[in-house]
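Coordinate-derived values only; no laboratory data. In this text the structure is predicted, and so the values were computed from the model without any measurement. All Cβ positions, glycine included, derive from the backbone under ideal geometry; neighbour counts span all protein chains shown.
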Amino acid sequence: MNVIGLDIGGANLKASNVDGRSVTIEFAIWKTPDRLREQLRDLIASFQNADVFAVTMTAELADCFATKAEGVDFILSAVEEVAGERPVFVWQTGAEFVSPEAAREIPLMVAAANWHALATFAGRLVPNGTALLIDIGTTTTDIIPLLDGVPVPAGLTDCERLRSGELVYSGVRRTPLCAIAHSVPFRDGYCPMAAEVFATALDIYVCLGEIPQDENDVGTANGRPATVAAAHDRLARMLCCDRNEFTRDDAELVSRFLADVQRQRLAGAMESVLSRTPGACKNVLIAGSGTFLARNLIVGSKRLEKADVVSLSDCFSAETSEAACAFAVARLAAERIV
């Protein structure tokens, strides 16, 4: 029985099988929600002989839906149509799978439950004592406390998790730079940045070499390639400058400053979560496309200086780590349902 895990996000669709073969595609659901079925068909077609689908989601929060319940219903209807006669199971924060019908009755328990699936699966890698899971993606960061391999969050919904610091709406690609800082060092002082999405976190990490440049990647603020040269132009625009007014040295200085501000913000949330955990944190699990940033958080924390660090990209692969929540629901479904 071949189980495919689906993590349906607002900006990315991710799929994985139990062996860790994983695929991630960009899809801005808020722009063209009616294309979700088409995108899911293409995604599923890259896996042979899919028999069962295990689903988790965050796309229900997209503003093309009036409510999260409406979003849950829309997403599940799309999955059911693509699945046809094949069974569909949905993860919820009660640590169980439910049918799509039951999921529609408890939308707030299946909405944005992907972090919980990952923590439930990954917790078996750290079965004893206090641990922490840090999953940094394109848009958000999850900081999840674990005790004896079981997630012990202070909140379950997005709002509760935002208030507790366990969810930070800051990632390594899609976060607008004006959401990281209001002003940046420039020449002999500081310059406020435009409150526009002229550039995103992707640009600072491309400039710093943390994310490799890619001429074929046009998922940027202006639709131009994710190259160092194009990132330089986008960063200049944040200060209302052209490239001839904003040097490559300026771009590097601003990028380092913004990367440090983002790191400090995430570090503050992490320290808040750690302050509530019992005893010393013995292990840290890291996952997502922002694994490099997670490592920087750990290095800078006195609370974690003796913790062992386990990267899901080392345990499995970089592709699996990026699609970790899809992989988690696939493995959990294979164990519990099939």
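What ³J(HN,Hα) values, in whole Hz, does the Karplus curve 6.51 cos²θ - 1.76 cosθ + 1.60 give for the range 269-285 when θ = phi - 60°, with x put for Gly and Pro?
Result, ordered by residue: 5, 4, 5, 5, 5, 5, 5, 9, 8, x, x, 6, 7, 8, 9, 10, 9 Hz.
Radius of gyration and Dmax for the range 177-263's Cα atoms, expressed in Å?
11.5, 36
Among DSSP beta bridges whose residues both lie in the chain, state the antiparallel percentage, nearest 5.
Looking only at bridges with both residues in the chain, the antiparallel portion is about 60 percent.
For the range 184-234, would you read off the P(r) tail past 12 Å as a percentage of all alpha carbon pairs?
Pairs farther apart than 12 Å: 62 percent.
For the range 56-99, count all C-alpha to C-alpha pairs, find those more than 12 Å apart, and express that count as a whole percent of the total.
Summing the P(r) tail past 12 Å for the range 56-99 gives 63 percent.
Taking θ as phi - 60°, what are the ³J(HN,Hα) couplings along the range 36-42 by the Karplus curve (6.51, -1.76, 1.60), each to the nearest whole Hz, with x for Gly and Pro?
Values per residue, Gly and Pro as x: 4, 4, 4, 5, 5, 4, 5 Hz.
Which of the listed residues, Asn216, Cys191, Ala259, is farthest toward the dipole's positive end in the range 177-263, when Lys, Arg count +1 and Asp, Glu count -1 at the beta-carbon?
Working it through, the farthest residue towards the positive pole turns out to be Cys191.
Note down the relative contact order for the chain as a percent, whole number, built from C-alpha pairs under 8 angstrom at least six residues apart.
Reported as a whole number, the value is 20 percent.
How big is D for the range 48-122, in µm² s⁻¹ as a whole number, if Stokes-Einstein is applied with the Kirkwood radius of its Cα pairs at 4 °C and 1.567 mPa s?
My calculation gives 104 µm²/s for D.
So how far apart, in nm, are the two label points at Ser317 and Thr32 if each is 7 Å from Cα heading toward Cβ?
In this crude label model, Ser317 to Thr32 measures out at 2.7 nm.
Tell me which aspartates and glutamates have Cα within less than 14 Å of Lys68's Cα, excluding those fewer than 8 residues away on the same chain?
Glu60, Glu105, Asp158
What is the set of long-range amide H partners of Met57 at a cut-off below 5 Å, with H atoms built 1.01 Å from backbone N?
The list, which skips near neighbours in sequence, is Ile8, Ala112, Ala113, Asn114.
Helix-only mean residue ellipticity at 222 nm, the chain, DSSP H runs n ≥ 4 weighted -39,500 (n - 2.57), per residue, nearest 500. What is it?
My calculation for the chain gives -11000 deg cm²/dmol from helical runs alone.
So, counting K/R as plus one and D/E as minus one, what does the shell of residues with Cβ under 13 Å around Ala28 add up to?
+1
Which residues in the range 243-279 place their backbone N less than 15 Å from a point set 7 Å from the Cα of Glu196 along the Cα-to-Cβ direction?
Label zone hits: 243.
Rg and Dmax in Å for the range 1-128, alpha carbons only: what are they?
13.8, 45
Which far-off residues, 5 or more places away or on another chain, put their amide H under 5 Å from the one on Gln213, with H placed in the peptide plane?
Answer set, sorted by chain and number: none.
Treating each Cα of the chain as an identical point scatterer and ignoring solvent, apply the Debye formula and state log10 I(q)/I(0) at q = 0.10, 0.16 Å⁻¹.
These q points yield log10 I(q)/I(0) values of -0.59, -1.37.
Which order do peptides 158-169, 4-15 fall in by mean Cβ count within 10 Å, highest first?
Ranking the peptides 158-169, 4-15 by packing returns 4-15, 158-169.
Taking Lys302 as the anchor, which lysines have their alpha carbon closer than 27 Å to its alpha carbon, excluding any fewer than eight residues away along the same chain?
In chain and number order, the partners are Lys282.
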